[in-house]
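Beneath this line is the structure, given in C-alpha cells, with notes to follow.
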Amino acid sequence: MKISEKQLSLVDKQIKRIIASGNYYSEIYKKAGITGVSTPEDFEKIPFTDKADLRNAYPLGIQAVPNRDVVRIHSSSGTTGKPVIIPYTRKDVDDWAEMFARCYEIAGITPEDRIQITPGYGLWTAGIGFQAGCEKLGAMAVPMGPGNTEKQLQMMIDLETTVICATSSYALLLAEEINKRGLRDKIKLRKGIIGSERWSDAKRNYIARELGIELYDIYGLTEIYGPGIGINCPDQTGMHIFDDYLYTEIINPETGEVLPDGEEGEIVITTLVKEGAPLIRFRTHDLSRIIPGSCTCGRTYPRLDTIKGRSDDMFKVHGVNMFPSQVEEILGQVDGVSSEYKIDIAHDENKNRDIIMITAEADGRVDFEKTAENIKNLFKSKLNITPSVAIVSLNTLPRSEKKTQRVFDHRGD
Ligand code: ZN
C-alpha cells in the first residue's frame, strides 16, 4: 500500500524532529543528507533502522525529546548482548492505549467484559499494554501476570473472566490444565487475545475447541509501542494495522527491495506520530504479507496476514532455507502429535553433512515408532530432507510463558 500524502507529511515532521533532537539517528540522517521527505520516492531512500542500531544507542541514544517529557521506558528482551531501551512520552503511552482499546473493540470486547491478563508486567511491554487498553475501553482488568496456573484458574472461575490474554504457549498450557481438571463447565471465557508469535492451526484449533472460545491474534513489538498495534477482526481475514499511527511496508529480507501488496516478506514499520523514540522504516524481522483489497468487515485499515515466522529464525539444512513454521505444518498433519516440538541441528564432521533432529510429543494412541516413521516420511516427501525423529510423551517439552525457543543450532558449538 503506497504511502499517503498525510502519512508522508507526518514522516517529514518526524524526520525534522529527529534531526533537531540530535539523537542517534540525527547523525545518520545528516550524514546521508536527509532533511525530510516530500515524495514516496524520497521515503524509499531513507535507510532502514534495525534492532542493532537500538543496541548501539543503548541506553537512551534514540530518545528524541527532552528528559522531562519522558514518562516511562520499556525494554525488549536481550537474548544476545545489550537490551534495547525505548523511552515513551505521555502522548506515546496514551496513543498506545488508544490503539489497544481499538484492538479489544475490533475483537468484540466491551466494558462488560473481564479481561485476565497473563503476559508479564515490568520492563517488558506486554502486560501493561493489555492493562492500559483494557482500562481505556472500560472493561475490568484482572492483572495476573505470568505463571501460577493454580491461581490463574481460581481467578478465572471466581471472577468469571470472559477474556484471556496470553501467549499461544501459555493459552495452550491453560487449555490443557482446564481439560485435565474437567473445569470446562466452570469457566465463562468467550474470547482469547493471543500474542502474535507464529503458531500452528493445530494449536489454534486445540485451544479454541478446549476452551470453547474465539481467538484473536494481536500484533506488536516493543520497539513500536508494544502489542496492540493491530489485530484480526471477527471476519478473520488478517490483522488490521492502524495506519493513522503507523505506515507498514513489506520488503525482501535479503535485498531490501519493497514488495507489492500480496507478496510475502519482512514487515517494516514507520511510526508516524511517536515522540519519545520515533523509528522510520524499522525492520521487524517478522515475515508476513499485506493482504490486498479491503476487508469484508468494512474497516479500511490495511491488513497483515498471519505472521509466518521470523527472518532470523530461518535455518539452513543442507543449504536449504527452512522455517519452524514448515516443521509445525508437518507435525500438524500427524495424528496424536502435540504442537510443541524442538529442532536440533548439528554437523557430522565425518560425513560432512548437516543432521537435523526433530523432537515431538505424542499422546501414545499411536505407537511412538510408527509416529516417528510417519514424520520422517512427511519430511522426506515435503521438504526432501530426512531428519532423525524422537518422540516423547505429552508435556515433556518445556512450555514457556514467553516465546519458546524451538531451534537449537549446534553447528559450530
Ligand atoms: Zn476486518
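Toward the positive end of the charge dipole of region 89-310, about the Cα centre and with charges on Cβ (Lys, Arg +1; Asp, Glu -1), which of Leu279, Gly220, Thr89 goes farthest?
Value: Gly220.
Taking the convex hull of the Cα atoms, report for the chain its projected area averaged over all directions, in nm².
21.3 nm²
Assigning unit charges at the beta carbon (Lys, Arg +1; Asp, Glu -1) and nothing else, what dipole magnitude in debye, to the nearest 20, does the chain show about its Cα centre?
The calculated dipole for the chain is roughly 580 debye.
For every helix of n ≥ 4 consecutive DSSP H residues, a contribution of -39,500 (n - 2.57) applies; sum these over the chain, divide by its total residues, and give [θ] at 222 nm rounded to the nearest 500 deg cm²/dmol.
Value at 222 nm, helices only, nearest 500: -9000 deg cm²/dmol.
At 0.36 nm per residue, and after removing the present C-alpha to C-alpha distance, how many nm does the segment from Ile385 to Arg90 gain when stretched out fully?
101.0 nm
List the lysines whose alpha-carbon lies under 18 Å from that of Lys30, not counting same-chain residues fewer than 8 positions away?
Those lysines meeting the cut-off are Lys13, Lys16, Lys45.
Mind pulling the per residue volume of the convex hull built on the Cα atoms of region 89-310? Å³ is fine.
Dividing the Cα hull volume of region 89-310 by its residue count gives 115 Å³.
Just subtract the alpha-carbon distance of Glu44 and Glu105 from 0.36 nm times their residue separation and send over the number in nm, one decimal.
Net length gain for the segment: 18.6 nm.
Over the chain, what is the relative contact order in whole percent, taking alpha-carbon pairs under 8 Å and six or more residues apart?
Normalised by residue count, the contact order of the chain is 13 percent.
Write down the accessible area per residue of region 89-310 in Å², having rolled a 1.4 Å probe over the full set of protein chains.
35 Å²
Only four residue types carry charge here, +1 at the Cβ of Lys and Arg and -1 at the Cβ of Asp and Glu. Report the dipole size of region 89-310 about the Cα centre in Debye, rounded to the nearest 20.
For this selection, approximately 640 debye.
How much length is gained on full extension from Lys370 to Arg399, taking 0.36 nm per residue of separation minus their Cα-Cα distance?
So the chain would gain 7.9 nm between Lys370 and Arg399.
For region 180-308, compute the number of Lys pairs whose alpha carbons are separated by less than 28 Å, excluding pairs fewer than 8 positions apart on the same chain.
Taking the Cα cut-off of 28 Å, the pair count is 9.
Assign unit charges at the C-beta atoms only (+1 for Lys and Arg, -1 for Asp and Glu), then state the dipole size of region 1-47 relative to its Cα centre in Debye, rounded to the nearest 20.
Dipole magnitude for region 1-47 comes out near 160 debye.
Accessible area of region 282-413 with a 1.4 Å probe: how many percent of it is carbon plus sulfur?
Here carbon and sulfur together make up 47 percent of the probe-accessible area.
In region 1-142, what percent of the accessible surface is made up of carbon and sulfur (1.4 Å probe, ligands and nucleic acids excluded)?
The nonpolar share, carbon plus sulfur, comes to 54 percent.
Nearest 10 degrees is fine. How inclined is helix 201-211 to the longest principal axis of the chain, computing both from alpha carbons?
80 degrees
Just tell me which aspartates and glutamates come within less than 18 Å, Cα to Cα, of Lys380; anything on the same chain fewer than 8 places away is out.
Straight-distance partners of Lys380: Glu328, Glu329, Asp335, Asp344, Asp354, Glu369.
Kindly report the accessible area of region 314-409 per residue (heavy atoms of protein chains, probe 1.4 Å, no ligands, DNA or RNA), in Å².
54 Å²
Regarding region 314-409, what's the average projected area of the Cα-atom convex hull, expressed in nm²?
6.2 nm²
The values are calculated or read from the model by the stated rules, or taken from the named source; none is laboratory data. Note that this is a predicted model, so its numbers are computed, not measured. Ideal geometry is used to build each Cβ from the backbone, glycine not excepted, and the neighbour counts take in all protein chains shown. Surface accessibility is based on the protein's heavy atoms, side chains included, excluding ligands, DNA and RNA. Shrake-Rupley method; radii C 1.70, N 1.55, O 1.52, S 1.80 Å.
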